[in-house]
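This report concerns only the one structure given below.
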Amino acid sequence: MSLDSNDRSIAGFTMAGHALVHWFETSIPIFLVVWLAEFDVSVTLVGFVVALGYAPFGIGALPGGVLADRYGPKRLILLCLLGMSLAFVVLAAASILESIYAVAVGLLLWGIAASVYHPAGLALISTGVEERGTVFAWHGIAGNFGIALGPFVAATLLIVLEWPVVAALLATPGFVAVAYGLSANFDATAAVADDVDAGPDEALSLPEFLANSRALFASAFAIVFVLVTFEGLYYRGVLTYLPEIMTGLPALEGLELFPTLERYDIDPGFYVYVGLLVVGMAGQYAGGKLTDRVPAARGLAALFAVLAALALAFVPVVDRGLGALLALCGVLGFVLFAIQPFYQNAVAVYTPADSRGLSYGYTYLGEFGFGATSIAIGGFLLGEAGLATFFVALAGFALVGATLSAALALGLDRLFDRTDADSSTDAKA
């Protein structure tokens, strides 16, 4: 990375945090199968227990953003890393009590700790980094690295170790990251104008919180929030159900695995899915670099349109063989993650620097909170209406995002007062 020392320090710190959030997040479903056998409980109960971890992950983003503005993002990220690691230690200790409810406590603690990362990490990048697009790109790549590596490491260790030991081992990188973060030195407000106070502030009273929220939603951020929510609906729908959809597809019947992997009943579709996540790293990098060259709204409109087309193409393409399916999944993985730096940058473009934590808190409430409703929508559509209807719904989500993005690109933001945007340079990003 050709970045100055401050940008490099922030990039390293936030990349470690982003990778670990998703490292923990994606290892939890691997444990789910083990807990079903270990505690002899119903799938419904285990599903509820796991939901206790994932629910605060989205819902807690908003208070996490408020806390980032109040105490500063670095402090919040360190507490996040420490909290997630300790939560996995609690999970490991749950085996001593032999109680699924102790597991629930550990997952709840993880969700609360993890929820503050995205608003704090992205607020730090948006106010502290000069080469924002490049760091958004590397930050996204680190997240994809954690998404892909977390379940692989958990599954591999479970072959030879008991699950409590694996949970404790997975916590170890988090403690290492805390030690690294304590030694990291950087200016968290290096990228904002001298006359803008973007540092830690006094605690918000309820009237101030409501006033700041009203100001945000009376600006073009309201449009950004809605289009991010529809991106979240598409993103969660794809990543939740694509592994199941690809299981048993005729196009994958000729794909053979190594005999050592077949013993563990690993479906080839799982590796196609992981390949999609790996390609997503390239998408994150390309998207981040393009945010320095393409206006945020214009890039979002184009990428949403491509996502809509890919959703509509999925069902016809799966009947055309393995090569066509792999190509489609590769493009889907690239675009699905290339769009993320664009909406992250759009938040920075259309919000003032002194409420950036609150802005990203609302953003990830839409992305991970409201966006998660597509899990319920997708399950209903797949069960009652079929595969084609599911992908038509995903295309509809993307088309709403494309329409709103195009409206911004055509000047809809001029209807709002943008005098509090952080700089004129942002408006060109």
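The values are calculated or read from the model by the stated rules, or taken from the named source; none is laboratory data. Bear in mind that the values here come from a model prediction, so they are computed numbers and not experimental data. Here the Cβ positions follow ideal geometry from the backbone for every residue, glycine too, while neighbour counts run over all protein chains shown. Ligands, DNA and RNA are excluded from the accessible area calculation, which covers all protein heavy atoms including side chains. Shrake-Rupley method; radii C 1.70, N 1.55, O 1.52, S 1.80 Å.
Leaving out ligands and nucleic acids, note down the accessible area per residue over segment 16-150 with a 1.4 angstrom probe, in whole Å².
Each residue of segment 16-150 exposes 33 Å² on average to a 1.4 Å probe.
Mean-square fluctuations from a GNM of the chain, with a 10 angstrom spring cutoff on Cα atoms, peak among LEU158, LEU233, LEU210 at LEU210. Using the 1.4 Å probe convention, the accessible area of segment 266-352 works out to 33 Å² per residue with neighbouring protein chains retained.
Per-atom-type breakdown for the chain gives carbon and sulfur 66% of the accessible area (1.4 Å probe, protein chains only). Comparing mean-square fluctuations of LEU381, LEU408, LEU161 from a GNM of the chain with C-alpha springs under 10 Å, the top value falls on LEU161.
Please list 3J(HN,Hα) in residue order for segment 143-149, calculated via the Karplus relation 6.51 cos²θ - 1.76 cosθ + 1.60 where θ = phi - 60°; whole Hz, with x for glycine and proline. After applying 6.51 cos²θ - 1.76 cosθ + 1.60, I find x, 5, 4, x, 4, 7, 7 Hz.
Output the direction-averaged projected area (hull surface divided by four) of the convex hull of the alpha-carbon atoms of segment 267-398, in nm². Can you show the working numbers first?
On the way: hull surface 35.3 nm².
Orientation-averaged projected area of the Cα hull: 8.8 nm².
More than 29 Å apart: what percent of Cα pairs in the chain qualify? The share of Cα pairs beyond 29 Å in the chain comes to 45 percent.
A Förster radius of 41 Å, combined with the Cβ-Cβ distance separating ALA327 from ILE96, puts the computed FRET efficiency at roughly 0.25.
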